[in-house]
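All remarks here apply to the structure that follows.
The values are calculated or read from the model by the stated rules, or taken from the named source; none is laboratory data. Being a predicted model, the structure only gives us computed values, none of them experimental. Using ideal geometry, Cβ is built from the backbone for each residue, glycine included, and neighbour counts are taken over all protein chains shown. Side chains included, ligands, DNA and RNA excluded: accessible areas come from the protein's heavy atoms. Shrake-Rupley method; radii C 1.70, N 1.55, O 1.52, S 1.80 Å.
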Amino acid sequence: MLAEANPLPGAPPAGARDRPRPTDVAPSDADRARAWLEVDLAALVLNARRVRDAAGVPLLVMVKAEAYGLGAVPVARALAAVDPWGYGVASAAEGAALRAAGVRGRVVVFTPLLPDDLPRAHAAALTPTLHRAADVRRWAALGGGAWHLAVDTGMARAGARWDALDDALLAAARDVPPEGAYTHLHSADEGGEDAERVRAEQVARFRAAVAQLPTRPPVLHVENGPAVERGGRSAWDLVRPGLYLYGASCVVREGSAALPAPEPVAHLRARVVDLRTLRDGESVSYGATWRACGPRRIATVAAGYGDGYRRALSNRGVALVHGREAPVAGRVTMDMTMLDVTDAPCALGDAVTLLGHDGDRVLTADAVAARAEVSPYELLTGLRLRVPHVYRGAD
Ligand SMILES: *Cc1c(COP(=O)(O)O)cnc(C)c1O
């Protein structure tokens, strides 16, 4: 079942926190009334504390892509409650936006910067991840500041190959020592012995690369969120969680998981803007892919794939309407989605839940993503643009 009346094992008992309901936050202006994303900052902070406590080291919280769609600035401000070592972004522009909002602490840019981006990164007091000797020299010439060495141990995405740190790079690292060095695991969320072996191999490669540096950089980091979820205590100086903070996880929880399932953070609500009763055999939406068996009550809610509610949820998704499940009827359209509310009390203007909590019932990001056959990363980042974001305060 997609909706669970009870939290997953290890989560605090239902009622331990107030689970948000669609009526808790009613955005006032007319545009906000159609659909909105409610971001539970208290749940965010709770998830972050769990990661920090399990890892036993400070957090470099990944807030790239607008904090996975939830809003980088409000998320970064709320996460100040866990006193993070720093914030991870993907570009100089993302980092500069955090600085403009007054975020302090290290802001590390993980996507390689092109040479022309370095002045901008420097102006915003960002920390680049570098691996080309010329860039390290350029960074120093700009006035320098902390930088981290990116080591590719098998992801083949960014950084210097662990077994090919060239003399020019090592000389640059001697003259301008990096504050940190890191690598990224490509199969942290996968179970099984093969994945275990691959992770160990990547770690061994990273150790070999670090051993070649003239001195050990003070801040070495390897684990993303899934690695902490699996492994618990960090062997390094900080961890870089993302998805888990935002209430989702790709890790299949076996008995040994170091962390419980995350607390949902994102709650997608949409209002009922139309209601009709269909007769037996009548169809709903494009392509007439859904037909009524007997008289059915159909509600139209004002959110569709233009809001990030995936089209793949056509005839597959469910919503929570006053705590009851109502299946998606027919294709999800750009601006509207139809629900079969025959078995749920439902009136014009009601707010329904497409993702997240309706009291103690929940559509987790993982479950909704699985139904849509996308990763929870894509599901959440897809909520970035059109729906207004409403923040419930961290306590
Ligand atoms: C996005 C990212 C992370 C966070 O990964 P999650 O799976 O979301 O925890 C960590 N490190 C790097 C380099 C990343 O790009």
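The figures follow:
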read-out: Normalised per residue, the volume of the convex hull around the Cα set of the range 41-246 (Å³); value: 105 Å³
read-out: Mean projection area, nm², convex hull over Cα of the range 266-363; value: 5.4 nm²
read-out: Computed lengthening from Glu193 to Ala347, 0.36 nm per intervening residue step minus Cα-Cα distance; value: 50.2 nm
read-out: Label-point gap, in nm, between Ala80 and Ala370 - each point 7 angstrom along Cα→Cβ; value: 3.8 nm
read-out: Surface accessible to a 1.4 Å probe, Thr215 within the full protein complex, Å²; value: 90 Å²
read-out: In order through the range 316-325: 3J(HN,Hα) via Karplus (6.51 cos²θ - 1.76 cosθ + 1.60), integer Hz, x for Gly, Pro; value: 10, x, 9, 10, 9, 10, 6, x, 10, 6
read-out: Label-point separation, Asp116 to Ala156 (7 Å along Cα→Cβ), nm; value: 2.9 nm
read-out: Cα centroid separation - the range 238-278 against the range 44-111, whole Å; value: 18 Å
read-out: Residues in the range 127-164 reached by a label modelled at Ala208 [backbone nitrogen below 13 Å; 7 Å Cα→Cβ]; value: 152-154, 161-164
read-out: Accessible area (Å², 1.4 Å probe, nearest 10) - Arg137; value: 100 Å²
read-out: Solvent-accessible area, 1.4 Å probe, carbon plus sulfur percent, for the chain; value: 51 percent
read-out: DSSP bridge pairs, the chain: antiparallel proportion in percent, nearest 5; value: 55 percent
read-out: Rounded FRET efficiency, nearest 0.05, which uses the C-beta distance separating Glu378 from Asp274 and R0 of 41 Å; value: 0.90
read-out: Accessible-area order (highest first, 1.4 angstrom probe) of the listed residues Arg99, Arg233; value: Arg233, Arg99
read-out: Angstrom value of the Kirkwood radius, inverse mean 1/r, which spans all Cα pairs in the range 177-308; value: 19.1 Å
read-out: Accessible area in the full protein assembly, largest first, 1.4 Å probe, for Glu373, Glu325; value: Glu373, Glu325
read-out: Using a Förster distance of 45 Å, the FRET efficiency for His186-Asp18 (Cβ separation, nearest 0.05); value: 0.70
read-out: Calculated on alpha-carbon atoms, Rg and Dmax of the chain in Å; value: 23.1, 78
read-out: Semi-axis lengths (Å, descending) of the ellipsoid that matches the C-alpha gyration tensor of the range 190-257; value: 24, 15, 8
read-out: Potential extension, Thr215-Arg291 segment - 0.36 nm per residue separation minus Cα distance; value: 20.5 nm
read-out: Cβ-derived FRET efficiency at R0 30 Å, Ala235 paired with Ala171, nearest 0.05; value: 0.55
read-out: Under-5 Å amide H pairs with His357, H placed in peptide plane, nonlocal only; value: Leu363
read-out: Helix-only CD estimate at 222 nm, as mean residue ellipticity for the chain, using -39500 (n - 2.57) per DSSP H run (n ≥ 4); value: -7500 deg cm²/dmol
read-out: Accessible-area value, Tyr286, 1.4 Å probe, nucleic acids and ligands omitted, Å²; value: 150 Å²
read-out: Accessible area, probe 1.4 Å, largest first, for residues His122, His148; value: His122, His148
